[in-house]
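Trainee: One structure, as structure tokens, below. Some questions next.
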Amino acid sequence: MADIILRASHVTKRFGGLVAVDDMSLDIPARSIFSVIGPNGAGKTTFFNCLTGFYRPDAGTLVFDGRHVLNGLRTDEITRLGIARTYQNIRLFPNLTAAENVLIGMHGHLRASLVGMVFRTAGARREEAAALAEARRLLAFVGLAGMGDHLAKNLSYGDQRRLEIARALATRPALLLLDEPMAGMNPAEKDVMIAFIRRLRDELGVTILLIEHDMKVVMSISETISVMDFGRKIAEGRPDEIQRNPEVIEAYLGRGAAAGGDADGGSATAAGPGAG
Ligand code: ADP
Ligand code: MG
């Protein structure tokens, strides 16, 4: 495993005349917790979409683990290399159970393989039992022990977010991209999620690339923070460096805020600037 698990060099993605991601370069150290922040529309999700093969960058390169060029690969190929993600807008199969949603993760996000499991052969049954046991183990790991038979749509919002992570973990990623995993959570739920994300890194050795709006969360969990605004990286550093960076404060709070005398990060730590 290379020390830099993901290197993005000059990645650009345009939609017509709009440059959604503009010359983004990032080096993500293996086993780190790395956050990307920035106002709404800054290009964070689009950057994730380039990384996971949903979009092809118009320029730039993405290299995983020092040797795999991701440009041009399909999403399933990228998943197989060891990159998994969750979505800003939860994407589960609402009418399948929690365990089935995780099984789909194991089978490369293909519903067809689940259908295939229904018409199973005797030989496939042992494999299926092992997969189900693994799904239940993953559910327990994310805090959903005993919930395997619940329909996804009947889970609470926080539990659906946890289920998304279990599904992503089912692909055994080395790099996990979390797109606003704490959106809609209350402070107590966020604290649980923060501890959980740390466990992912500490116990599974997974590198975490996080998009998150809540500055308190970002500041407490991240080793490195990269700040995007209008598609570009405007700052990068440790939380304490980012917190007092005038350009960052201005991007979040608008012109004048940085000069307002409260540049010690007090205002920048207010929850969710521009988070609407
Ligand atoms: P963020 O996740 O930082 O809020 P996004 O990456 O979702 O920002 O969006 C960045 C910019 O790209 C926005 O202006 C958004 O409207 C635009 N955008 C995102 N996806 C598309 C798309 N598929 N087609 C056209 N414009 C898009
Ligand atoms: Mg987004």
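Trainee: Do you know which residues across segment 17-58 are away from ligand 1 (no atom under 16 Å from the Cβ) and of a type outside the set (Val, Ile, Thr)?
Mentor: Answer for segment 17-58, where residues must be away from ligand 1 (no atom under 16 Å from the Cβ) and of a type outside the set (Val, Ile, Thr): SER25, ASP27, PRO29, ALA30, ARG31, SER32.
Trainee: Could you grab me the full set of residues in segment 9-30 that are over 19 Å from PHE54 (Cβ atoms) and either touching a helix residue (DSSP H, G or I) at 6+ places or on another chain (Cβ under 6 Å) or open to solvent by less than 10 Å² (accessible area, probe 1.4 Å) (or both)?
Mentor: Within segment 9-30, no residue meets the criteria.
Trainee: Can you name every residue in segment 140-175 that is over 20 Å from THR52 (Cβ atoms) and part of a loop (DSSP other than H, G, I, E, B)?
Mentor: VAL142, GLY143, LEU144, ALA145, GLY146, MET147, GLY148, ASP149, HIS150, LEU155, SER156
Trainee: Right, something else. Note down all Cβ pairs under 6 Å where the first residue falls in segment 40-64 and is touching a residue at least 24 places away in the same chain (Cβ under 8 Å) and among the small types (Gly, Ala, Ser), the second is away from ligand 2 (no atom under 13 Å from the Cβ) and assigned to a loop (DSSP other than H, G, I, E, B), and they're at least six residues apart or on different chains.
Mentor: GLY53/LEU73; GLY53/ARG74
Trainee: Shifting gears a bit: Residues of segment 106-121 being at pLDDT below 80, open to solvent by less than 80 Å² (accessible area, probe 1.4 Å) and either of a type in the set (Ser, Thr, Tyr) or not in a loop (DSSP other than H, G, I, E, B) (or both), which ones?
Mentor: Matches in segment 106-121: ALA112, SER113, LEU114, VAL115, GLY116, MET117.
Trainee: State whether the residues of segment 33-44 include one that is away from ligand 2 (no atom under 16 Å from the Cβ) and assigned to a loop (DSSP other than H, G, I, E, B).
Mentor: no
The values are calculated or read from the model by the stated rules, or taken from the named source; none is laboratory data. The shown structure was predicted, so the numbers you read here are calculated from the model rather than taken from an experiment. When we count neighbours, we look across all protein chains shown, and the Cβ atoms used for this are built from the backbone with ideal geometry, even at glycine. For accessibility, only protein heavy atoms count, side chains too; no ligands or nucleic acids. Shrake-Rupley method; radii C 1.70, N 1.55, O 1.52, S 1.80 Å.
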